[in-house]
There are 2 protein chains.
Amino acid sequence: MQLIDTQLSSTWFPAAKPDKDNNQFNLEVTAAQGSYLVTAKHGEIYDAISSWWCKPLGHCHPIITKSIREQLKLFEHHIPAKSWNSNIEKLSKRLVQIFTQMDKVIYASDGSSAVEIAMKLSYETRVLEQQAYRSKYIALNGAYHGETIFTLGVCGIKYYKTNYSGLLQDNYFIEDIPYVDGQNDPLWLDCNFDYNYWNNFFTHTAQNATALIIEPLVQGAAGMKIISRDFLIKIINLARNHNLHIIADEIMVGLGRLGYYSVSKELLNFEPDIVCFAKNLTAGAIPMSAVVINHSISQVFRKHQKAFLHSHTHSCNGLAAAAANSYLDYLDNSNILTQVKLAEIKLIEIMNDLKNSFAFIKQTRVIGTIAALELNLPIRMLEDIFNIGIEEQIYLRPIGNTLYIMPPIYNIKHDLELIQTKLHLVLQKISTLINKNCNYLPSKCRHVP
Amino acid sequence: MQLIDTQLSSTWFPAAKPDKDNNQFNLEVTAAQGSYLVTAKHGEIYDAISSWWCKPLGHCHPIITKSIREQLKLFEHHIPAKSWNSNIEKLSKRLVQIFTQMDKVIYASDGSSAVEIAMKLSYETRVLEQQAYRSKYIALNGAYHGETIFTLGVCGIKYYKTNYSGLLQDNYFIEDIPYVDGQNDPLWLDCNFDYNYWNNFFTHTAQNATALIIEPLVQGAAGMKIISRDFLIKIINLARNHNLHIIADEIMVGLGRLGYYSVSKELLNFEPDIVCFAKNLTAGAIPMSAVVINHSISQVFRKHQKAFLHSHTHSCNGLAAAAANSYLDYLDNSNILTQVKLAEIKLIEIMNDLKNSFAFIKQTRVIGTIAALELNLPIRMLEDIFNIGIEEQIYLRPIGNTLYIMPPIYNIKHDLELIQTKLHLVLQKISTLINKNCNYLPSKCRHVP
């Protein structure tokens, strides 16, 4: 086990205490190639969650590294003001052309900033149209849209917000979201929707609100929860009826993860007012996010001859744009999106097999290449999963009691077998631990009826 | 003149209207090397503001491109959770070791996010210490700390905030900042400081506030305004007396621009509670920002066994860390910081010569390799400066009536002569325009006494 010496480590890692707990694995990554993290002491670890959901082509895919090497011969980055380059313009055109009503793209470097831009754009159109009182946002319980203070204001997960409640905007949240197991769930196409109740909700909130913000169909940070498609469409339509903008946060699901460029466009069959892309955009090589903007929004700025003031230094970074264009080339020219849709079918089988094999699996969920197992284990045991995963050379990092995978997609057909084998081994070891220790035996203890 | 076709452009550029004005230059950048932007139609343009202040080594410096090419052989980016790599750890150590009281670094991808992290860290320590009521921030008039909504709450420039006022936190601002021309200004070392007045200000604000946030010595977005060192130190000391944290935003000035690694540490002789670096950090090659944290802050999280929840996907991006380490190698192993200090002396001479040559220059300001000319010209004429600059193959982008330069520093000794020549040519053309047109003749019109 390779630990960072607590006394010596100067990095404060994300979502962590200042110093690493010496009882935790802390993998030293020396290289990463394909679907694997190469570690100093633990060999090659299968990157089952694509390094926080952002490496669809795995690590150092030749088309990505080549595009960066080629761009390095020209420039890394130049000022985006009164200047442009053909790479960024090409990228903007491609993102706009995923849709039919979009006409502009604004760039930033991370997902939070993309959502900030989207939320600011929506509100500023209200200000320009003499409706500054429409300053609230409507979000979903379970939502995660970033960790800047403004985006935490539309976060529907208490854990992320508690210590900042004194700073957060008081927004509206849609509770009781009907979640589903996947596209075969009866609720997917027909949820029990009380139109009058929801219409009433929007009637009471929309007058002071500017936008409904959604994660199309999957709430990642909430534990890979899949939202009923029927419910989401009905909520979107109600929001539209009440003249709200729709902001679609496709940072996790967009550009390949579910087998589509845009989940809003292709799976929900609608065009949001604003769509945010990030993680997959550069195949996770270089930080970049993109805010794709409907003509309905940009037109308000045109009408008022107004500049939008949000100036990211690296707005047209050449290296990031080169990587992004190469990734989109890959999506365009391979059959990868079809492979993802086929993988979904196979993942459902794999997850069901696992559920049938292990009593502590309560539920399975699959959409695209996201698969989750809802476990019935004591919290302290869930922490063992990471460690056992490393023993079996697979990087697994449960969210609460949700064990999930979100593997690189470039080689998904091949990787599915490996995922099945490794997950089975990990869960078998968990099962053995349960049998050794009654405290770990939820089926005989308090956790299972 | 190379224009983007308004009908075809799909990119919404920073600080711009949705569509470029066809009367504006819009440079197509095809390459960038050294201190020059290579353009499709205008040849090589001297990048006099370092592509928004972030290219201290110019473009494609071999040590930066080599570090990225080498890193591409290992990995681009891996998940920063429960994992680390030697590059990021090396970088953290170097940033911490600029100071004596710092012990941790948190990474993000842009300056705004770094300031968000700093402001969140400060407030969360108050929450952990049962002082959640200390939720306000004290900032300076003229300040700019980013354009997320929370960081706009500490922006002291009305222009950036007006249309978002309905969303912004109501913070405290220090007005009437004593600005100086440079380090030789008498106010630099001894400002007229009414201790009782300022003590009273802090007495009335500090009880509800968590931090004073400052840009050490130069307010860039306000027009390269240089703050009296004496004033800033006295304000910092008062803030300390009132138990406020000090957040130093060194995104523009830190890591070389003024001839120091940290302006707070080396020119103000103090250690902030939190320091933000960004633009220069990777020599402007790849988006990355760093929040360097005093033990006084991290210790509160240790005491309460609390994780800090702010999880940037690219927190330990390998390509960015490689570029940053190479840039710091360059600062360590060259005499560049000395060159910057020598350049300051020469820039004062150059700016004074220009002031003596052109009546429409009201004032000059110089610190480190930042030099500004305060012009007395009608606003519409200020817009001509960019166009004339391009004719003379120098990229100049005035902020209001401030014409400034902030050139790459790697070759500053050589570039000074070129800067002097080009600025003189541009200002000569402005002078000619003035003489052609009485409306452009401020000395005979309303603008000059």
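Looking at the range B:322-341, which of its residues are hydroxyl-bearing (Ser, Thr, Tyr) and within 13 Å of another protein chain (Cβ to nearest Cβ)?
B:326, B:327
Please work out which one of (1) under 28 Å from residue B:78 (Cα atoms); (2) within 14 Å of chain B (Cβ to nearest Cβ) is the condition residue A:260 fails and give its number.
(2)
Of all the residues that make up the range B:226-246, how many are closer than 13 Å to residue B:190 by Cβ and touching a helix residue (DSSP H, G or I) at 6+ places or on another chain (Cβ under 8 Å)?
5
Residue by residue, here is whether (1) open to solvent by less than 50 Å² (accessible area, probe 1.4 Å); (2) at pLDDT 95 or above holds:
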{"position": "A:409", "(1), (2)": "yes, yes"}
{"position": "A:412", "(1), (2)": "yes, yes"}
{"position": "A:417", "(1), (2)": "no, yes"}
{"position": "A:420", "(1), (2)": "no, yes"}
{"position": "A:424", "(1), (2)": "no, yes"}
{"position": "A:429", "(1), (2)": "no, yes"}
{"position": "A:437", "(1), (2)": "no, no"}
{"position": "A:443", "(1), (2)": "no, no"}
{"position": "A:447", "(1), (2)": "no, no"}
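Of all residues in the range B:163-187 being polar (S, T, N, Q) and within 21 Å of residue B:206 (Cα to Cα), which is farthest from the other protein chains (Cβ to nearest Cβ)?
So the first thing to find is which residues in the range B:163-187 are polar (S, T, N, Q), and the list is B:163, B:165, B:169, B:171, B:183-184.
Of the ones still in play, those that are also within 21 Å of residue B:206 (Cα to Cα) are B:169, B:171.
Values: B:169: 7, B:171: 11 Å.
Within the range B:163-187, the match that is farthest from the other protein chains (Cβ to nearest Cβ) is B:171.
Answer yes if at least one residue in the range B:375-391 is of a type in the set (A, V, I, L, M, F, W, C), within 22 Å of the chain's Cα centre (by Cα) and within 17 Å of residue B:417 (Cα to Cα), and no otherwise.
No, the range B:375-391 contains no residue that is of a type in the set (A, V, I, L, M, F, W, C), within 22 Å of the chain's Cα centre (by Cα) and within 17 Å of residue B:417 (Cα to Cα).
Test residue B:145 against the stated conditions and say whether it is over 23 Å from residue A:18 (Cβ atoms), facing chain A (nearest Cβ under 7 Å) and open to solvent by less than 10 Å² (accessible area, probe 1.4 Å).
Details: over 23 Å from residue A:18 (Cβ atoms): yes; facing chain A (nearest Cβ under 7 Å): no; open to solvent by less than 10 Å² (accessible area, probe 1.4 Å): yes.
When the stated conditions are applied, residue B:145 does not pass them.
If the requirement is being among the hydrophobic types (A, V, I, L, M, F, W, C), within 20 Å of residue A:85 (Cα to Cα) and within 14 Å of chain B (Cβ to nearest Cβ), which of these qualifies: A:309, A:319? Even if it seems obvious, please write down each step before you answer.
Values: A:309 fails: within 20 Å of residue A:85 (Cα to Cα).
One residue alone meets the criteria, A:319.
Test residue A:389 against the criterion of being of a type outside the set (A, V, I, L, M), closer than 30 Å to residue A:105 by Cα and buried (at least 19 other Cβ atoms within 10 Å of the Cβ), and give yes or no.
Against the criterion (of a type outside the set (A, V, I, L, M), closer than 30 Å to residue A:105 by Cα and buried (at least 19 other Cβ atoms within 10 Å of the Cβ)), residue A:389 does not qualify.
So, residue A:199, is that one in contact with a helix residue (DSSP H, G or I) (Cβ under 7 Å, 6 or more places away or on another chain), polar (S, T, N, Q) and surrounded by fewer than 23 Cβ atoms within 10 Å (Cβ to Cβ) or not?
Spelling it out, residue A:199 is indeed in contact with a helix residue (DSSP H, G or I) (Cβ under 7 Å, 6 or more places away or on another chain), polar (S, T, N, Q) and surrounded by fewer than 23 Cβ atoms within 10 Å (Cβ to Cβ).
For residue B:88, are the conditions met, namely being open to solvent by 10 Å² or more (accessible area, probe 1.4 Å), within 28 Å of the chain's Cα centre (by Cα) and hydrophobic (A, V, I, L, M, F, W, C)?
Answer is no for this residue.
For residue A:116, are the conditions met, namely being touching a helix residue (DSSP H, G or I) at 6+ places or on another chain (Cβ under 7 Å), at the interface with another protein chain (Cβ under 7 Å from one of its Cβ atoms) and outside any loop (DSSP other than H, G, I, E, B)?
Taking the combined requirement at face value, the residue satisfies it.
Out of everything in the range B:26-63 that is acidic (Asp, Glu) and facing chain A (nearest Cβ under 9 Å), what residue ends up being most open to solvent (accessible area, probe 1.4 Å)? Full working, then the answer.
Applying the first criterion (acidic (Asp, Glu)) to the range B:26-63 yields B:28, B:44, B:47.
Now restrict to residues that are facing chain A (nearest Cβ under 9 Å): B:28, B:47.
Numbers: B:28: 33, B:47: 1 Å².
Out of the qualifying residues, it is B:28.
Need at least 1 residues that are within 13 Å of residue B:47 (Cβ to Cβ) per element, so show me which strands (runs of 3 or more DSSP E) inside the range B:358-416 make the cut, counting only ones lying wholly within it.
On the way: elements: B:361-367, B:370-375, B:402-405.
Because the criterion is at least 1 residues that are within 13 Å of residue B:47 (Cβ to Cβ), the strands (runs of 3 or more DSSP E) in the range B:358-416 that meet it are B:402-405.
Within the range B:357-372, does at least one residue satisfy the condition of being open to solvent by 10 Å² or more (accessible area, probe 1.4 Å), more than 24 Å from residue B:185 (Cβ to Cβ) and of a type in the set (Gly, Ala, Ser)?
Checking the range B:357-372: not a single residue is open to solvent by 10 Å² or more (accessible area, probe 1.4 Å), more than 24 Å from residue B:185 (Cβ to Cβ) and of a type in the set (Gly, Ala, Ser).
Can you tell me which of (1) of a type outside the set (S, T, N, Q); (2) at pLDDT 95 or above; (3) open to solvent by 30 Å² or more (accessible area, probe 1.4 Å) is the one residue A:404 doesn't meet?
(3)
Is it the case that the range B:96-103 has a residue that's under 17 Å from residue B:309 (Cβ atoms) and either in contact (Cβ under 8 Å) with a residue 60 or more places away in the chain or more than 8 Å from chain A (Cβ to nearest Cβ) (or both)?
No, because not a single residue in the range B:96-103 is under 17 Å from residue B:309 (Cβ atoms) and either in contact (Cβ under 8 Å) with a residue 60 or more places away in the chain or more than 8 Å from chain A (Cβ to nearest Cβ) (or both).
Cβ contacts < 7 Å: first residue under 30 Å from residue B:364 (Cα atoms), restricted to the range B:156-180; second residue surrounded by fewer than 17 Cβ atoms within 10 Å (Cβ to Cβ), any location; separation 6+ or different chain. Result?
Listed by first residue and then by second, the contacts come to B:156/B:141; B:156/B:173; B:161/B:168; B:173/B:141; B:174/B:141; B:175/B:141; B:177/B:141.
Residue check: is residue B:380 modelled with pLDDT of 95 or more, open to solvent by 10 Å² or more (accessible area, probe 1.4 Å) and of a type in the set (Lys, Arg)?
No: the conditions fail for residue B:380.
Yes or no: the range A:94-111 includes at least one residue that is surrounded by 24 or more Cβ atoms within 10 Å (Cβ to Cβ) and in contact with a Gly (Cβ under 9 Å, 6 or more places away or on another chain).
Checking the range A:94-111: at least one residue is surrounded by 24 or more Cβ atoms within 10 Å (Cβ to Cβ) and in contact with a Gly (Cβ under 9 Å, 6 or more places away or on another chain).
Hey, which of the helices (runs of 4 or more DSSP H) in the range B:144-220, taking only ones fully inside, have at least 1 residues that are closer than 23 Å to residue B:243 by Cα?
B:149-152, B:195-205
The values are calculated or read from the model by the stated rules, or taken from the named source; none is laboratory data. Everything quoted here is computed from the prediction, not taken from an experiment. In this analysis, Cβ positions are derived from the backbone assuming ideal geometry, glycine residues included, and neighbour counts consider all displayed protein chains. Just so you know, the surface numbers come from the protein's heavy atoms only, side chains and all, with ligands and any DNA or RNA stripped out. Shrake-Rupley method; radii C 1.70, N 1.55, O 1.52, S 1.80 Å.
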